[in-house]
């Protein structure tokens, strides 16, 4: 055991990307923009545009122009602070399912019980030129293209004149009907105050067709992009990002600013809508680095939240810039009439809701925080489709991961089992509360082989109560699938 402990002598922990006290951004292993939330079976699934770093010929980071994005990232959580990585859906281009499309931007997700089985639908924008739909039997895939072409295109009635045919949002109404909202952009500079480019359409019962032509959403003041839709206390709230052409006079008159998330309300899912409250200022207002503003509002366990993107991961990675975005979650506030209203973006994020059970198998890619690691698809299905089972990889001296709020209960944990594979060697240091606190276990890694092998060790001290759990890694060329504690 002393030999294993000595492996950690002189090892410097990989730099913290986000402080241990912060829950935003939700993930640090890669970027993810334009978030959309789907609540299903006690979990929140977040679907995001797969921002991918672009480089200049000299190796410097290139400004993000979104042209190489063909994946949609998927993560989920039961507690809003520990997020399981489900991979990156290969959505568009020759590498994806919608081979007819060039890009995958701004996803929206929904599910519906069809013929006695829950089916999942993932809508996304083919850059600014149409809306695609993929389907799956689980919220994380594998997703496939059921129609072999766009659900909405410039040939769709009323859509040819939409400047940016993108940014879908989907409403599943209480009566079983579903609606899709999309559009944005300014056709002409003189139309900035009322671009006329927002659309809504009723979806067919199969969720992969339209039940009637899209209709314009009228009088959407200073529309830029980012459709959102929610039904709250019987009222329909359409939301969007205002454009950057607002004059100071217009800002004063309307009560919101350039690049701000704004709401409109209606008694009907297809309108007409009337102005309501602004709900979230541009990320620049909270974090210093600005850019576009994209959001969704969702309810989970009786509490309402707003997910949105910012550039604080870019900052945490010490990138000088580039416009690469990551997802945050904060509370959405309500006014005295029960309408969503101006909320605040934070680095701290929201508190954990419910504790993690360390006695159930936990996927190693379930992360509250991490540094110096990567995640990769595991198994034929995930490797082919991009999403599904994932494993922890890219480990080296000083890499670390953690989960927050694991409840060990009153009956103490006495052992830990971890599933490993690889040709390398090293060790894993397990500690609670803080990465530098006394270790409760050291797990040897000795060329476990090509197949995953379970290694069980007794804890050096028993654990009860609620703790954060940290894993610090020494060595390289090994991967981790899952872990669990035992009594």
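Post the alpha-carbon centroid distance, segment 164-187 to segment 70-136, in whole angstrom.
Between the Cα centres of segment 164-187 and segment 70-136 lies a distance of 15 Å.
Of all alpha-carbon pairs in segment 116-176, indicate the percentage at a distance above 14 angstrom.
For segment 116-176, the share of Cα pairs beyond 14 Å comes to 61 percent.
Working from the alpha-carbon coordinates of segment 261-346, get Rg over Rh, Rh being the Kirkwood radius.
1.04
Quick one: P(r) of segment 66-186 from all Cα-Cα pairs, 10 Å bins, percents rounded to integers, in order of increasing distance.
Result, from short to long distances: 13, 42, 34, 10, 0 percent.
How many percent of Cα pairs in segment 50-121 exceed 20 Å?
50
Run lengths n ≥ 4 of DSSP H only: what is the helix-derived mean residue ellipticity at 222 nm for the chain, with -39500 (n - 2.57) per run over all residues, to the nearest 500?
That comes out to -1000 deg cm²/dmol.
Just to verify a number: FRET efficiency for residue 219 and residue 65, C-beta to C-beta distance, R0 = 41 Å, to 0.05?
Calculated transfer efficiency: 0.80.
Please report, in Å, the Rg and the Dmax of segment 429-479, where both are computed over Cα atoms only.
12.4, 36
So what's segment 135-255 giving for Cα Rg divided by 2.2 N^0.38 Å, two decimals?
Normalised by 2.2 N^0.38 Å, the Cα Rg of segment 135-255 equals 1.17.
Quick check: Cα centre of segment 225-294 to Cα centre of segment 363-442, how many Å?
Centre-to-centre distance over Cα atoms comes out at 40 Å.
Can you give the translational diffusion coefficient of segment 219-271 in µm²/s, computed by Stokes-Einstein from the Kirkwood radius over Cα pairs at 4 °C and 1.567 mPa s?
The estimated diffusion coefficient comes to 112 µm²/s.
log₁₀ I(q)/I(0) of segment 167-230 at q = 0.13, 0.19, 0.26 Å⁻¹, via Debye over equal Cα point scatterers, no solvent, to two decimals?
-0.37, -0.70, -1.06
How many percent of Cα pairs in segment 202-342 exceed 25 Å?
That fraction is 33 percent.
Kirkwood-based Rg over Rh for the chain (C-alpha set), two decimals?
Reported Rg/Rh, Kirkwood definition of Rh: 0.99.
Take residue 99 and residue 346, extend 7 Å from each Cα along the Cα→Cβ direction, and tell me the distance between the two endpoints in nm.
For residue 99 paired with residue 346, the spin-label model returns 4.9 nm.
Could you tell me the calculated FRET efficiency between residue 40 and residue 211, based on Cβ-Cβ distance and R0 = 25 angstrom, to the nearest 0.05?
My answer for the efficiency is 0.60.
Relative to the compact globular guide of 2.2 N^0.38 Å, what is the alpha carbon radius of gyration of segment 1-149, as a ratio?
Ratio of Rg to 2.2 N^0.38 Å for segment 1-149: 1.27.
So what are the three principal axis dimensions of segment 1-54 from its Cα atoms, in whole Å, longest to shortest?
47, 35, 20
For segment 362-486, compute the orientation-averaged projected area of the C-alpha convex hull (one quarter of its surface), in nm².
Approximately 7.1 nm², given one-decimal rounding.
Can you tell me the relative contact order of the chain? Whole percent, Cα pairs under 8 Å, sequence separation 6 or more.
Answer for the chain is 15 percent.
Report the Stokes-Einstein translational diffusion coefficient (µm² s⁻¹, integer) for segment 306-381, Rh taken as the Kirkwood radius over Cα pairs, at 20 °C with viscosity 1.002 mPa s.
D = 134 µm²/s.
Coordinate-derived values only; no laboratory data. A quick note: this is a predicted structure, and the numbers were derived from the prediction, not measured. Note that we place each Cβ from the backbone using ideal geometry, even for glycine, and neighbour counts take in every protein chain shown.
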